[in-house]
Amino acid sequence: MTIKERYEAAREAYQGVGVNTDKALEALKKIPVSMHCWQGDDVMGFDGDGTLSGGIQTTGNYPGRARNPGELMRDMDKALSLIPGKHRINLHASYAIFEEGEWADRDQLEPRHFEKWVEFARERGIGIDFNPTLFSHPKAENATLSSEKEEIRSFWIRHVQACIRISEYFAKEQGTPCTMNIWIPDGFKDIPADRTSPRARLKDSLDRILSMDYDKSKVLVAVESKVFGIGMESCTVGSHEFYMNYASKNDILCLLDSGHYHPTEVISDKISSMLLFFDKVALHVTRPVRWDSDHVVLFDDETREIGKEIIRGGADRVLLALDFFDASINRLCAWIVGMRNMQKALLNALLLPGETLAELQKERNFTEQMMLQEELKLYPFGDVWNYFCEINGVPPKEDWFKEIRSYEKEVLLNRR
């Protein structure tokens, strides 16, 4: 049977439970996932000396890491060509592109330092999201926006404000809002004597940042919490409770990262609550293994649950991005597997008879609800996914890996 014939059979099967697969595929095509640039070069960026700090680590030394903007863009291009649909790219400020002999510190970054990224995105018809980079910098060794030293705090305040201006530039150039997410590595290795003062300083810094004039319809500012990190195991200044309250009070976004909570917590359970109180919520989907280790996103239980909550809550209300970095495997393969798995999770949710299942729950008919949920797991989901790939001009199944194997041999292994 051809992929189309298998799809026709799958469509008939899903019709039996009241699901229109054609509508599901059309809806999936309209949901962009923001692909993070830092998977391609192990979070090195272009503005520093190639060392990481702030509790960030990459492990492995698989050959072929992108070493400059041209290589990174070429790799991103290849990855995007093997992912169905139209997506976005997610940049950190450390990926500024300078002219030869030029350099600007992070508080002096300007839109012109990102013109080549705008050209890249415009030519491909994709949007850009952005992140200030408050790590891997001499002035981030102890603390950033919560620093006891005013000169350090002021530097990072200027940096984030510069990033807001750059985000506004992206939005104006592309005609689509730019999500700009703030994460800081501030915290304490051992039990602090005073948690309040650092958080008061962080609040003051954010207040000063947001006092600037910018178009809030074009720049969607988000704040991202973390439960702990390397070197800040006992306390993070930017905790979930701090940022959720700050975002609510100041009408900005609260970003949930699926690796930034206690191992027994899952963000799939948080999305519905957040959407009751916020117009939108931002997500970074990753895969923690015992801690916030940023493994490649799999088509696992939690990713599927996240997909369900996005669809149930309204995909237009969830700003979806990925965030992982694995240097132990082919970096393009990591991108492609993660992005395609996130899309599979969304498609899985779109192929569920949501109203029927919700009605069974409302009736407290948990027996039939459980039975139907389990039987649906063996429905021909894969045939629908493969058809989605085919109609979007992307290799289905594992066929795309042949191109990555060739690209590795011809391009990546020649990088020394």
Kyte-Doolittle at least 0.0, axis length at least 27 Å by Cα - qualifying DSSP helices, the chain: 331-350
Counting only residues 5 or more places away or on other chains, whose amide H sits under 5 Å from the amide H of Ile182 once H atoms are built in the peptide plane? Ala222, Val223, Glu224
Bins of 20 Å, beginning at zero and ending with the bin holding the largest distance: percent of Cα pairs per bin for the chain, please. 26, 57, 17, 0
Interchain or long-range residues, amide H under 5 Å from His36's placed H: Asn90, Leu322
Size-normalised alpha-carbon gyration radius of the range 188-283, reference 2.2 N^0.38 Å: 1.14
List the equivalent ellipsoid semi-axes of the range 234-283 in whole Å, largest first, each obtained as the square root of 5λ for an eigenvalue λ of the Cα gyration tensor. 18, 15, 8
Could you work out, for the range 261-416, what percent of all Cα-Cα pairs fall into each 10 Å distance bin, beginning at 0 Å and stopping at the bin that holds the largest distance? 9, 31, 35, 18, 5, 1, 0
Let's test the formula: R0 of 51 Å, r as the Cβ-Cβ distance of Met212 and Lys23. What FRET efficiency results, to the nearest 0.05? 0.75
Filter the GluC sites (Glu not before Pro) in the range 93-136 down to the DSSP loop ones having no more than 13 other Cβ atoms within 10 Å, then list what survives. Glu99, Glu100, Glu102
Of the listed pairs Lys216/Lys280; Lys30/Lys270; Lys86/Lys409, those with alpha carbons more than 20 Å apart are Lys30/Lys270; Lys86/Lys409
Fully extended, how many nm does the chain gain between Arg312 and Asn142 (0.36 nm per residue separation, minus their Cα-Cα distance)? 57.1 nm
The farthest towards the positive end of the charge dipole of the chain, of the residues Met232, Thr2, Ser136, given +1 on Cβ of Lys and Arg and -1 on Cβ of Asp and Glu, is Thr2
Trypsin sites (Lys or Arg not before Pro) restricted to the range 322-377 and DSSP loop, no more than 15 other C-beta within 10 Å: Arg364, Lys377
Note to self: Kirkwood Rh of the range 51-137, Cα pairs, one decimal, Å, is 14.7 Å
Given all pairs of different Cα atoms, what value in angstroms does the Kirkwood hydrodynamic radius of the range 141-192 take? 12.8 Å
Distance in nm between Ser248 and Glu99 label points, each 7 Å along Cα→Cβ, equals 4.9 nm
Based on alpha-carbon centroids, what's the gap between the range 153-170 and the range 231-278 in Å, whole number please? 22 Å
Modelled label reach - Glu233, point 7 Å along Cα→Cβ, the range 186-211 residues with backbone N closer than 16 Å: 187-192
So the pair-distance distribution of the range 235-342, from every Cα-Cα distance in 5 Å bins, comes to percents of 2, 12, 22, 24, 19, 12, 6, 2, 0
Which Cα, out of Tyr95, Ala79, Gly259, lies furthest along the positive dipole direction of the range 31-352 (beta carbon charges, K/R +1, D/E -1)? Ala79
Looking at the range 334-416 from every direction and averaging, what is the projected area of its Cα convex hull in nm²? 7.2 nm²
Counting only DSSP beta bridges with both residues in the range 31-352, tell me the antiparallel percent, nearest 5. 15 percent
Qualifying GluC sites (Glu not before Pro) in the range 338-371, DSSP loop, other Cβ atoms within 10 Å at most 12: Glu363
Between Glu410 and Glu5, what is 0.36 nm times their sequence separation minus the Cα-Cα distance? Round to one decimal in nm. 142.2 nm
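Read the figures in this text as sums done on the coordinates, not as results from a lab. Values in this document were obtained by computation on a predicted structure and should not be read as measured data. All Cβ positions, even for glycine, are placed from backbone atoms using ideal geometry, and neighbour counts span all protein chains on display.
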